[in-house]
Amino acid sequence: MSLDITPTLTATEEARRQVEICNACRYCEGYCAVFPAAFAERSFSDGDITQLASLCHNCRGCYYACQYTDPHEFALNLPAALAEVRVESWDRFSWPGGLSRAFQTRGVALAGALVVGIALMFLAIRAIGSAGGDGFYAYLSHTAMVAIFAPAFLFPLAALAVGVRRYWAEVGGTPLRLSDVTAALVDAGRMRNLSGGAAEGCNYEKGDRYTVARKHAHHAVVWGFLLCFASTSSGTVLHYVFDMQAPYGLFSLPKLLGIPGGILLTLGAAGLIALKLKADPALGAKSAWGGEIAFVGLLGLTGLTGLVLYAGTGTALVGPLLALHLGTVLAFFLTLPYSKMAHAAYRLAALARDAQIKAARG
Amino acid sequence: MTDIDRVTWDVVVVGGGNAGLCAAIEAAETGAKVLMLEAAPKTYRGGNSRHTRNFRCMHAGPLSVLTGTYQEDEYFDDLIRVTKGKTDEDLARMTIRDSEACLPWMERHGVAFQPSLSGTLSLSRTNAFFLGGGKALVNAYYNTAEDLGVRVLYEAEVRHITVTEGRFEGLDARIGGKDLRIEGRTLVLASGGFQADLDWLADAWGPAARNFLIRGTPYNRGVVLRDMLDQGADSVGDPTQCHAVAIDGRSPKFDGGIVTRLDCVPFSVVVNRDGDRFYDEGEDVWPKRYAIWGRLVAAQPDQVAYSIIDAKSRTLFMPSVFPPEQADTIEGLAQRLGLPGNKLRETIDAFNAACREGPFHPTELDGLATQGISPPKTNWARPILEPPFFGYSLRPGVTFTYLGLRVDRTARVSAHGARLHNIWAAGEIMAGSILGEGYLAGFGMTIGTVFGRIAGQEAAAHVA
Ligand SMILES: Cc1cc2nc3c(=O)[nH]c(=O)nc-3n(C[C@H](O)[C@H](O)[C@H](O)COP(=O)(O)OP(=O)(O)OC[C@H]3O[C@@H](n4cnc5c(N)ncnc54)[C@H](O)[C@@H]3O)c2cc1C
Ligand code: SF4
Ligand code: SF4
């Protein structure tokens, strides 16, 4: 019988086994984009499973609603099955290969990257030092910062682009149209699926109760991150276009964006970690649990160290604080294509592909 | 746990499915001290209710996810059609009328709805679907009950109710492996039917019943129902009948639920163990016929049948949970299904020869009938010719039993024709009062919600 559960099933095979049961059931149709996408098919290729897995954001509604969870012999646990497929797929797509598994599954690898990043910045400050600039540049010249961070920013983007191309090929994507991209961005922006469909929120840290805590924490992280990013970008524009040098005052654009951004990022990340500690690890990718906690921690640290650095302005601590902050940011960017951060790119790609499929179906 | 046998509870609810939960919530909202005893462990709580997907709801205009209107008379006509008149009109109409207020009540108590599922559009006007299905509904109610202070005990099987001179005084239960005596001022019985007790089924139906599959929970064994009947409680419903449909023969013995449904029959040829056809596969559209196929299959040797289609029909029905057996020849398929190959070949050849040309419409009665064979196939009769051929085994799957406790409009149970002083019943255990025969999709949850709420209110008012 095909439903015999043998431990030799790969993550993709196990997810396929479960999705086929869902396809005969359909009770969870209203929760998220995974189900309508699945129910439009009768059979599922490996690429289809990857696509479905990338549409899932692990809200767990379908687990708690499922009448077939363990100890039932059908042993449904769709959130975990799809999470395992995602973790494996990111490893398959990541370039250079193999790094993703290390950073996703081993928190210690990320911590190592962090230590290395910070040490590098201490070294840079000591070895290169300032070229007689003001503020932060008194510790590390602007040119040196750019020389370090431009590649550290561009390389991950290039690596991610390779990953997304591989994703696109695997799920059978056709050439992108603008409407696919807008559809994906609109979906992602509203985080429509995170709202739990017709219900409110996720079934995350309180078992089968719906709460919006995870949605809010996630929003805080996303907006915090974007604000910090905008802050840095505005600084760059001020520097190059208007020839205005850091440090900037409290009412300057970089600070107006950066301070709330840093606060949101820090609080959001702390919230996500607290929720993850309460939620049942068996409903996610078990192997990636530690790596995910470490990743969110690193994300939060980028915000926190930035805030602390700002608070320490004018004191003797600026040097070490700067090294701490820049080192954290460096570690974050360099590991970005291999950490949970990559999910943002794959998820956008999945939403764009979903829009394509829906449009093709008419 | 130590305190529960030292308290006199205001309301004791037996069974933690939809009906019991509605009763417990209503009672607790008045401030009553409520204890709920659920036989299953927590993971399997919620009985058959955890397998449901919708309830049937009257409405005078669009209501939540429901489209159009569905008025009392149409609803009642639908009920009369399936029960062939075996209903109590007064109770039935009351249930129908009350159903309209249930939907907003359910939403207020945590139940979320979703639009009609893909493949069930025909129900979008009459039936409101629960987001995530019945288990999500059950979870929502348990959370609500817990917030209201209802005490819930799992693995708590009620064995005997003490009724003295028409009055409930207490009950004996086995809770977490220990025998306990529970005292209470009122009692609500919501422990479902007896379909999971195969011995009882076999007594009622004959030994063939041991081969039936039970679609829902293994915990509805009718222990309380029998105990009450033994003490003279008035009964309703045919004790020998159960609602059974034809489901995938490879399903688990219990709790297979909705996914074991097979919708291939109208597009197939169905044979028994000996390779013979025995009934018109195309008599009507499947939703109207799938209930009679349970009995048809139950009447065949070994209580098994086989539905056979060819490649062209493969995608005409909802996907099955188990992939079908498959072969490139009829003989090969017969071998895989354990059927006599020559005989199956003969049956299929005779069927094919009786098919004629004509338009085929899978979603409506198309009149494409066989000529000159018995039994005929009166719609969708297309020859089984294109390999690969597919086969599914079919077995009777029992949904519920009809025998139950007779109740009045206030859900009160009676014995020897007199109302019991402080005992009410709701859900499957009394559904026979309204559903004497057949089944109307979504009506089980409606009965449970309406009567569960009434029972909870009445019991609470009794102790107030
Ligand atoms: C597969 C399937 C699908 C269905 N789909 C639908 C649908 O979509 N819509 C619909 O309206 N109806 C549907 N039905 C019918 C519906 O399930 C029932 O009408 C309804 O659930 C009955 O609710 P209830 O609370 O009376 O019983 P249940 O939900 O079965 O609850 C009875 C509870 O009592 C407990 N119990 C039993 N004996 C004892 C004891 N001795 N002591 C303590 N506890 C005990 C059981 O553990 C159980 O939890 C379906 C049925 C099945 C099997
Ligand atoms: S997760 Fe369970 S309840 Fe939901 S669609 Fe799948 S099988 Fe059905
Ligand atoms: S966990 Fe949530 S997002 Fe993922 S498939 Fe289930 S309902 Fe959809």
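Let's see how each residue does on (1) within 14 Å of chain A (Cβ to nearest Cβ); (2) touching a helix residue (DSSP H, G or I) at 6+ places or on another chain (Cβ under 8 Å):
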{"residue": "B:K253", "(1), (2)": "yes, no"}
{"residue": "B:P266", "(1), (2)": "no, yes"}
{"residue": "B:G275", "(1), (2)": "no, yes"}
{"residue": "B:Y279", "(1), (2)": "no, yes"}
{"residue": "B:P287", "(1), (2)": "no, yes"}
{"residue": "B:A291", "(1), (2)": "no, no"}
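Checking the stated criteria, A:S234 turns out to be over 30 Å from A:R166 (Cα atoms) and either open to solvent by less than 30 Å² (accessible area, probe 1.4 Å) or not assigned by TED's automatic domain parsing to the domain that holds A:Q104 (or both). Would you check if there is a residue in region A:37-60 being on the phi > 0 side of the Ramachandran plot and more than 16 Å from ligand 1 (Cβ to nearest atom)? The answer is yes, given that some residue of region A:37-60 is on the phi > 0 side of the Ramachandran plot and more than 16 Å from ligand 1 (Cβ to nearest atom). Residue count for region A:18-50, restricted to those that are among the hydrophobic types (A, V, I, L, M, F, W, C), farther than 21 Å from B:G256 by Cβ and within 11 Å of ligand 3 (Cβ to nearest atom): 4. Just one of the listed residues (B:S433, B:S414, B:S374, B:S393) is more than 16 Å from ligand 3 (Cβ to nearest atom) and within 14 Å of chain A (Cβ to nearest Cβ), and it is B:S393. Taken over region B:303-331, residues that are without any contact (Cβ under 8 Å) to a residue 40 or more places away in the chain and closer than 21 Å to B:R273 by Cα amount to 2. Any residue that is crowded, with 18+ Cβ neighbours inside 10 Å and under 19 Å from the mean Cα position of the chain (by Cα) - is there at least one of those in region A:170-186? Yes, that holds for at least one residue.
A:A359: open to solvent by 40 Å² or more (accessible area, probe 1.4 Å) and assigned to a helix (DSSP H, G or I), yes or no? Yes. Condition first: within 21 Å of the chain's Cα centre (by Cα), in the same structural domain as A:L160 (by TED's automatic domain parsing), more than 24 Å from A:G314 (Cβ to Cβ) and at pLDDT 85 or above. Can you find one or more residues in region A:120-142 that meet it? No, that holds for no residue. Residue under question is A:V116, and the condition is that it be farther than 27 Å from A:A217 by Cβ and either modelled with pLDDT under 95 or within 14 Å of chain B (Cβ to nearest Cβ) (or both); does it hold? Yes, satisfied. Somewhere in region B:159-171, is a residue within 14 Å of chain A (Cβ to nearest Cβ), in contact with a Phe, Trp or Tyr (Cβ under 7 Å, 6 or more places away or on another chain) and open to solvent by less than 10 Å² (accessible area, probe 1.4 Å)? Taking every residue of region B:159-171 in turn, none turns out to be within 14 Å of chain A (Cβ to nearest Cβ), in contact with a Phe, Trp or Tyr (Cβ under 7 Å, 6 or more places away or on another chain) and open to solvent by less than 10 Å² (accessible area, probe 1.4 Å). Within region A:42-68, being in a loop (DSSP other than H, G, I, E, B), under 20 Å from the mean Cα position of the chain (by Cα) and more than 14 Å from every other protein chain (Cβ to nearest Cβ) holds for A:C56, A:H57, A:N58. Restricted to region B:231-348, the set of helices (runs of 4 or more DSSP H) holding at least 2 residues that are outside the structural domain of B:T52 (by TED's automatic domain parsing) and open to solvent by less than 30 Å² (accessible area, probe 1.4 Å) comprises B:292-298, B:330-337. Filtered by the rule that a residue be at pLDDT 95 or above and among the charged types (D, E, K, R), region B:285-310 gives B:D302, B:D310.
The values are calculated or read from the model by the stated rules, or taken from the named source; none is laboratory data. Since the structure is predicted, the reported quantities are computational estimates derived from the model, not experimental observations. Backbone-built Cβ (ideal geometry, glycine too); neighbour counts: all protein chains shown. Note: areas computed on protein heavy atoms with side chains; ligands, DNA, RNA excluded. Shrake-Rupley method; radii C 1.70, N 1.55, O 1.52, S 1.80 Å.
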